[in-house]
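Chemist: Can you read through this structure? Questions will come right after.
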Amino acid sequence: MSQSTIFDFQRMQFCLAAPRSAAFPAADCAEVAFAGRSNAGKSSALNAICQRKKLARTSKTPGRTQAINFFQQDQVRFADLPGYGFARVPPAMKAAWQTLVERYLTERECLRGVVLVMDARRPLTDFDGQLLDWVATCELDFHLLLTKADKLSRNQQHNTLRNVRSQVAPHTVQLFSAIRRVGLDDARKRIGQWLQ
């Protein structure tokens, strides 16, 4: 991982936004993708993992990310994929996003793993299932972040984590809260394992 450690992504910087595959940066370093349903807390999770408040733009408006945004530190790159699901955008734009993401997941040779971000209050939606199937087809490893875990009681957190683990085994799952800073080290450690 060059100068990075599994706990240090603080020097991650915005690289470029790619609205189409021709704009992807050269596949010359290890990448980890962040994917998830619109408004699941994907950008907030990425910011928290990197210990940066405004690295990835966050919005209460679903579908704000309309390209794949790349961030880089040393020989490590993060890719923030457009959110899927209920974003209020024209069908043609949704279709373009889907094509962009599918092409990225199937053709990106430097991709080491996918962090799938799901709202802990509404995990494993139909859209999440479709992405999990797609990632499995591509033979990619993934790690699930159950975000906004602070909005659940401890009992609800335990039950949700157990239920999701049983459905996605052997892949890894964890509770996460960007606001309460829950699960940050676990997430960084998992990402670091892919990048070593």
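The values are calculated or read from the model by the stated rules, or taken from the named source; none is laboratory data. As the structure is a prediction and not an experimental result, all values here were calculated from the model. All Cβ positions, glycine included, derive from the backbone under ideal geometry; neighbour counts span all protein chains shown.
Chemist: Do we find that ARG162 is under 23 Å from GLY183 (Cα atoms), of a type outside the set (Val, Ile, Thr) and modelled with pLDDT of 90 or more in this structure?
Modeler: yes
The rows are residues; the columns are (1) more than 16 Å from the chain's Cα centre (by Cα); (2) hydrophobic (A, V, I, L, M, F, W, C).
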{"residue": "LEU144", "(1), (2)": "no, yes"}
{"residue": "LYS148", "(1), (2)": "no, no"}
{"residue": "ASN163", "(1), (2)": "yes, no"}
{"residue": "LEU175", "(1), (2)": "no, yes"}
{"residue": "ALA178", "(1), (2)": "no, yes"}
{"residue": "LEU184", "(1), (2)": "no, yes"}
{"residue": "ARG188", "(1), (2)": "no, no"}
{"residue": "TRP194", "(1), (2)": "no, yes"}
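Chemist: Helices (runs of 4 or more DSSP H) wholly in segment 91-168 with at least 1 residues that are in contact (Cβ under 8 Å) with a residue 12 or more places away in the chain and of a type in the set (Ser, Thr, Tyr) - which ones?
Modeler: By residue number, 91-107, 154-168.
Matching residues to (1) more than 12 Å from the chain's Cα centre (by Cα); (2) buried (at least 16 other Cβ atoms within 10 Å of the Cβ); (3) more than 20 Å from ASP141 (Cα to Cα); (4) modelled with pLDDT of 95 or more:
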{"site": "GLY63", "(1), (2), (3), (4)": "yes, yes, yes, no"}
{"site": "GLY83", "(1), (2), (3), (4)": "no, yes, no, no"}
{"site": "PRO90", "(1), (2), (3), (4)": "yes, no, yes, no"}
{"site": "VAL115", "(1), (2), (3), (4)": "no, yes, no, yes"}
{"site": "THR125", "(1), (2), (3), (4)": "yes, yes, no, no"}
